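Heads up: the structure comes next, in structure tokens.
The values are calculated or read from the model by the stated rules, or taken from the named source; none is laboratory data. Treat the numbers as computed from the prediction; the structure is a model and nothing was measured. We place every Cβ from the backbone using ideal geometry, glycine too, and count neighbours over all the protein chains shown.
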Amino acid sequence: MKALKPSWQAVLAIVLCLVAAIWGAMSVPEVAAGTQPTATIEYPYMGTKGLMYGIAIVAAVLSMFVLVPALEALILFAGSTTVALLLLHGIAGFEGTARAPYYLLLAAAWLLGWRCVAVLSSMKPSSRGLATALKLAVPALFGVWILVWWEAVTRGAGIPFILLPPPSSVGVRIVNSLPVLWADVNQTIFHSVLIGYVLGCASGFIAAILADRFVFLRRGLIPIGNMVSALPIIGVAPIMVMWFGFDWHSKAAVVVIMTFFPMLVNTVAGLAASGHMERDLMRTYASNYWQTLAKLRLPAAGPFIFNALKINSTLALIGAIVAEFFGTPVVGMGFRISTEVGRMNVDMVWAEIAVAALAGSVFYGVVALIERAATFWHPSVRGG
Amino acid sequence: MTAVKPAVVAASKLGLTFQTNDGPVQALSNVDLTIGKGEFVSFIGPSGCGKTTFLRVIADLEKPTSGSITINGMTPEQAREKRAYGYVFQAAALFPWRTIERNVALPLEIIGLPKAEQAARIKRTMELVNLAGFEKKYPWQLSGGMQQRASIARALAFEADLLLMDEPFGALDEIVRDHLNEQLLQLWAATDKTICFVTHSIPEAVYLSTRIVVMSPRPGRVTDVIESTLPRERPLDIRETPEFLAIAARVRDGLRAGHSYED
Amino acid sequence: MDTLRSKIIPVTTILLIIVAIWYVGAVAMNAPFQRDMDSRNNATPGTMEFIGKTLAQPKPTLPAPHQVAQNFFENTFTRKITSNRSLVYHAWVTLSSTLLGFAFGTVLGIVIAVGIVHVTTLDRSLMPWIIASQTIPILAIAPMVIVVLAAVGITGLIPKALISTYLSFFPVAVGMVKGLRSPELMHLDLMHTYNASRSQTFWKLRVPASVPFLFASMKVAVAASLVGAIVGELPTGAVAGIGAKLLAGAYYSQTIDIWSALVAGSVVAALLVALVGLAGRLVDRAMGGRPA
């Protein structure tokens, strides 16, 4: 028995499979087919039912033998993914007819997937490339399983499309409306967000240098800046729309206001971050204000400035999208979201949100990459 | 013996009082001291005796509140603006975003030396502190001893005649410290600089110095000045000679006399 | 004395300068409309009279501070609290969903943080998503949540509170994970030498260590929660709340109303953050922290 290494996920998965098998029919049509054996009723999983149970149980049992972790993870991955795909494939055309065994089997597959993730996260690969791949694979699997549950539940239970469309139809929608999405991205991201972000960050930075130069200004501005960061600045959006019109200018203005203070506060904090010894050193060189600023204090403030740039990348996107709720020309991500919600085209809304999420992540990612390159010397970066 | 040499540092009745929340603290009181060219002077004493403060006054990092002090006949501020000294801190204080080479170049960039001159000086000083070959490394890629050597190179690149060192080897382990002490003596012999060196290690002070200034706290003052009788050529094992031990004993007595342990 | 010189005087000065700029801006921005009006009425007012008029328009481009203050005062103190013109009423509507959402969000954030700190699988799989989700404009979902929930018959407090929950649990979860992981290795080793159980280490070391982090992130969360509630009010067709007030003001160009709604929102935000800060300080003191 020493060759066995039970895991609760695998055991529970087997139990769930058995319960599901005893329960019987996986869908309403299958029940109907069972009660009228003479009629030819189409029902899901006519041929794949046994196969799914078989794969799930075999994968679960195999995973409990002592194996190389990599092999165990591979078996679990293959088993859970195949079952999930078969489940999702089979339910097509029979939406809303799923019965308990459908969910039990899905849960069993998910448990195997969880076990797979657990095995992967406990692995300690020797090579760095593999470690990075693992670091990406684990959250990626987690994300995939969220999508699988989403898809399976919305289809299996036949959740109204308006309430929550399955991810597959959102995907189809994205592919079908690329030109519209692109126009929205161009309006919102490349005009409102980017221009506002650059202007807001630049003016916050300049204000920070001024506040650094004049102590009185710093003492007056910083408490105000700290307070403003807690305020719902987004509320200035209607005013900006009145002042600068419906086009991207008003949204960029909102973004400028939203990004100004985080940049100001962080840069001022960063300029105070250089050590006493380093500043004494510059003093022994009789270095002037600008030399000290350029050679010591700005580089030392780098991590703080990038922190503000990262915070602002998110704020800018939120500001631009929400500002569009207050009025836009007929293009833009916020405009699209609010109008398509009104028309109950929920899949388009989800498509827009997916694109916004992607744009937000890419924006943040680019800033983070530049940060890694620019503040390579900082312990938080070189530590890993 | 030292009186005939021109004075590099001349302090008379120097006093400095800090205003703190717990009332005034007399960090320096009535310090009279003259340091001649080419001397190696160590300042030793318990913490709070004002040895670092004295060094910072020379460097114009603190302003004295009474008495007078001149550096090469100038006020500390003029001396600083003329870049009359190099300063080595307790920690290496290298900028982590610059390579070793560029760290050494920092003061030269601030004075505005031409690139070629900068390169020549960097090469010279890096060789002087035995760091040739590490020019392109970043500070955090080097050991603590190497970092401190780089910071000495940075102070030397200045080519000022006066070198102020504030417990530069305090954070290093004994073996590295011995090694660096030896190198520092060789460097001093090779360059004929005036060195002011703050330490709280008696063997280090005795091994390095031509003169040892013993200080004591509350108020910070000079209690004894000991002329070293050791030759300028000093191998490490000089520390086991009776002569060395005699000076060390005198320093220890001086520290004990000026320093009451009642609190 | 020191706070007077180092804080109060500079801050007041800057605020006064802002008010002064505001007045100048109000005159400048309202002038074109006023000139237009005057030329239509064939009026030729003197300079002072003209300036006075620019600062007293009913729907100015930029209302003067005293107009906003007057409007704010009237709608806050002179109206019955139950009246839907009362700012107190609108602020309360927003505040209630903010608080509900904030409470849910904080609990959810703490639970997720505890899970992440104790289950490696969750740490490896969920944490990257939590961090990534910070980069996503979550507020974009707000109108959809409201409308979709309204379509299935859920309206009023809950949908707005859901958005606030969503916005406030992220900072709490991230801050709490940081806090629960903040004990030094030496302290953890110390607990290990005592053979302390996981729950003992958790309650005696990790929880106390995480308290400052919790309150710091709760400050961020409560501000985010308020923004969520305000934005959540936008798509409901301007029924009640500060967000609705903003939207109504935008529809009817009631600029003074917009500004005083903004002031109301800021007051609520400042109060909430101050309250969380106060709670943090009280807890800190009860735990024996040095009074700062």
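Taken over segment A:197-235, the criterion of being in a helix (DSSP H, G or I), buried (at least 20 other Cβ atoms within 10 Å of the Cβ), within 7 Å of another protein chain (Cβ to nearest Cβ) and under 32 Å from the mean Cα position of the chain (by Cα) is satisfied by A:ILE234, A:GLY235. Filtering segment C:117-151 to residues that are farther than 17 Å from A:LEU141 by Cα, at pLDDT 75 or above and either in contact with a strand residue (DSSP E or B) (Cβ under 8 Å, 6 or more places away or on another chain) or not small (Gly, Ala, Ser) (or both) leaves C:VAL117, C:HIS118, C:LEU139, C:ILE141, C:PRO143, C:MET144, C:VAL145, C:ILE146, C:VAL147, C:VAL148, C:LEU149. Pairs are defined by a Cβ separation below 6 Å, a sequence spacing of at least 6 or placement on different chains, a first member in segment A:75-100 that is within 15 Å of A:VAL148 (Cα to Cα) and assigned by TED's automatic domain parsing to the domain that holds A:THR48, and a second member that is acidic (Asp, Glu) and at pLDDT 80 or above; the pairs so defined are A:LEU88/A:GLU151. Only one of the listed residues (B:ARG102, B:ARG98) is in a helix (DSSP H, G or I), surrounded by fewer than 22 Cβ atoms within 10 Å (Cβ to Cβ) and of a type in the set (Lys, Arg). That residue is B:ARG102. Please verify whether A:GLU278 is farther than 30 Å from B:VAL104 by Cα and either crowded, with 16+ Cβ neighbours inside 10 Å or within 8 Å of another protein chain (Cβ to nearest Cβ) (or both), treating the condition exactly as stated. Against the criterion (farther than 30 Å from B:VAL104 by Cα and either crowded, with 16+ Cβ neighbours inside 10 Å or within 8 Å of another protein chain (Cβ to nearest Cβ) (or both)), A:GLU278 does not qualify. Pairs are defined by a Cβ separation below 8 Å, a sequence spacing of at least 6 or placement on different chains, a first member in segment A:126-154 that is without any contact (Cβ under 8 Å) to a residue 12 or more places away in the chain, and a second member that is among the polar types (S, T, N, Q); the pairs so defined are A:PRO139/C:SER125.
For segment C:99-129, a residue qualifies if it is in a helix (DSSP H, G or I) and facing chain A (nearest Cβ under 10 Å), and the qualifying residues are C:THR120, C:THR121, C:LEU122, C:ASP123, C:ARG124, C:SER125, C:LEU126, C:MET127, C:PRO128, C:TRP129. The set of residues in segment A:120-130 being exposed (fewer than 13 other Cβ atoms within 10 Å of the Cβ) and of a type outside the set (S, T, N, Q) consists of A:LYS124, A:ARG128, A:GLY129.
Based on this model, can you work out whether C:PRO235 counts as touching a Pro at 6+ places or on another chain (Cβ under 9 Å) and either at pLDDT below 85 or surrounded by fewer than 23 Cβ atoms within 10 Å (Cβ to Cβ) (or both)? Judged against the criteria, C:PRO235 is a match. Residues that are small (Gly, Ala, Ser) and out of contact with any Lys or Arg (no Cβ under 7 Å at 6 or more places or on another chain) were ranked within segment B:152-204; the one that is surrounded by the fewest Cβ atoms within 10 Å (Cβ to Cβ) is B:ALA190. Applying the condition of being under 12 Å from A:VAL11 (Cα atoms) and of a type outside the set (Gly, Ala, Ser) to segment A:54-64 and asking which residue is surrounded by the fewest Cβ atoms within 10 Å (Cβ to Cβ) yields A:VAL58. When the residues of segment B:54-91 are filtered to those that are assigned to a loop (DSSP other than H, G, I, E, B) and facing chain A (nearest Cβ under 9 Å), the one that is surrounded by the fewest Cβ atoms within 10 Å (Cβ to Cβ) is B:LYS82. Does C:ALA140 meet the test of being closer than 21 Å to C:SER225 by Cβ, crowded, with 17+ Cβ neighbours inside 10 Å, hydrophobic (A, V, I, L, M, F, W, C) and away from chain A (no Cβ under 13 Å)? Against the criterion (closer than 21 Å to C:SER225 by Cβ, crowded, with 17+ Cβ neighbours inside 10 Å, hydrophobic (A, V, I, L, M, F, W, C) and away from chain A (no Cβ under 13 Å)), C:ALA140 does not qualify. Each residue in segment C:236-284 was checked for being more than 10 Å from chain A (Cβ to nearest Cβ), basic (Lys, Arg) and touching a residue at least 40 places away in the same chain (Cβ under 8 Å), and 0 of them qualify. Pick from segment A:331-367 the residues that are closer than 25 Å to C:ALA151 by Cα and not in a helix (DSSP H, G or I): which of them is modelled with the highest pLDDT? So, considering only residues that are closer than 25 Å to C:ALA151 by Cα and not in a helix (DSSP H, G or I), the one modelled with the highest pLDDT is A:GLY332. Applying a threshold of 6 Å to beta carbon distances and a minimum spacing of six or more residues, or different chains, the list of pairs starting in segment A:175-196 at a residue that is assigned by TED's automatic domain parsing to the domain that holds A:PHE260 and crowded, with 16+ Cβ neighbours inside 10 Å and ending at one that is at pLDDT below 90 and of a type in the set (Phe, Trp, Tyr) reads A:HIS191/A:TRP248; A:SER192/A:TRP248.
The condition (being touching a Phe, Trp or Tyr at 6+ places or on another chain (Cβ under 7 Å), of a type in the set (A, V, I, L, M, F, W, C) and under 21 Å from A:PHE261 (Cβ atoms)) is satisfied by just one residue among A:ALA308, A:ALA301, A:ALA316: A:ALA316. Residues that are β-branched (Val, Ile, Thr) and surrounded by fewer than 19 Cβ atoms within 10 Å (Cβ to Cβ) within segment C:264-282 comprise just one, C:VAL267. Just one of (1) under 21 Å from the mean Cα position of the chain (by Cα); (2) farther than 23 Å from C:PRO63 by Cβ; (3) part of a helix (DSSP H, G or I); (4) at pLDDT below 85 fails for C:ALA250. It is (2).
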